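**Student:** Have a look at the structure that comes next, please.
Any read-out appearing in this document is the output of simple, stated calculations on the displayed coordinates, not a laboratory observation. Note that the structure is predicted; figures quoted are calculated from it, not measured. Heads up, the Cβs are rebuilt from the backbone with ideal geometry, glycines too, and the neighbour counts pull from every protein chain shown.
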Amino acid sequence: MWLHLAIKALVSGILIAAASEVARRNPGWGGLIASLPLTSLLALIWLWRDTHDPVRAADFIAGTALYVIAALPAFAVIAALLRKNAGFAPALLAGTLAAMAGYLLLMWAGRRWGLAV
């Protein structure tokens, strides 16, 4: 069990490190790598390997898609504030708050409309 967890952490960490290293050389390509659903797909693979439950896997991937949509404005907020020289920490904080607001809105809508979030 610990070996499986260590493999998950190693593979996931390598992907994050690769995205940040590529971004140092070319921010566009780094952004492309970071935007790929690698983390979500890896998590889906790990979930499937652990459970083989198609309903749980479908709910996971649907919830992931909805949370990605809810978090998208956060990236725009961070980019806009960084371009206006607001500073990294304030931009990151504002983006985090925007993401949290999006998540709360999604959870509210999910309860109202019966979404799997």
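**Student:** Quick one: Karplus J couplings for the stretch 13-26, per residue in order, coefficients 6.51, -1.76, 1.60, θ = phi - 60°, nearest Hz, x for Gly and Pro?
**Tutor:** Whole-Hz 3J(HN,Hα) from phi for the stretch 13-26: x, 4, 5, 5, 4, 4, 4, 6, 5, 5, 5, 5, 8, 8.
**Student:** Right, next: Just the Cα atoms of the stretch 1-61: what Rg and Dmax do they give in Å?
**Tutor:** 13.8, 41
**Student:** By how many nm would the segment from Asp53 to Glu21 lengthen if fully extended, with 0.36 nm per residue of separation less the alpha-carbon distance? Each step should come with its number before you reach the end.
**Tutor:** On the way: separation 32, 0.36 × 32 = 11.52 nm, distance 3.55 nm.
In short, 8.0 nm is gained.
**Student:** If you don't mind, there's one more thing I want to ask. Take the Cα atoms of the stretch 18-98, build their convex hull, and give its volume per residue in Å³. Please report the intermediate quantities before stating the final value.
**Tutor:** On the way: hull volume 8.6 nm³, N = 81.
Measuring per residue, one finds 106 Å³ for the Cα hull of the stretch 18-98.
**Student:** Can I ask one more? If R0 is 35 Å, what FRET efficiency do you get for Ala94 and Val11 from their C-beta distance, rounded to 0.05?
**Tutor:** 0.65
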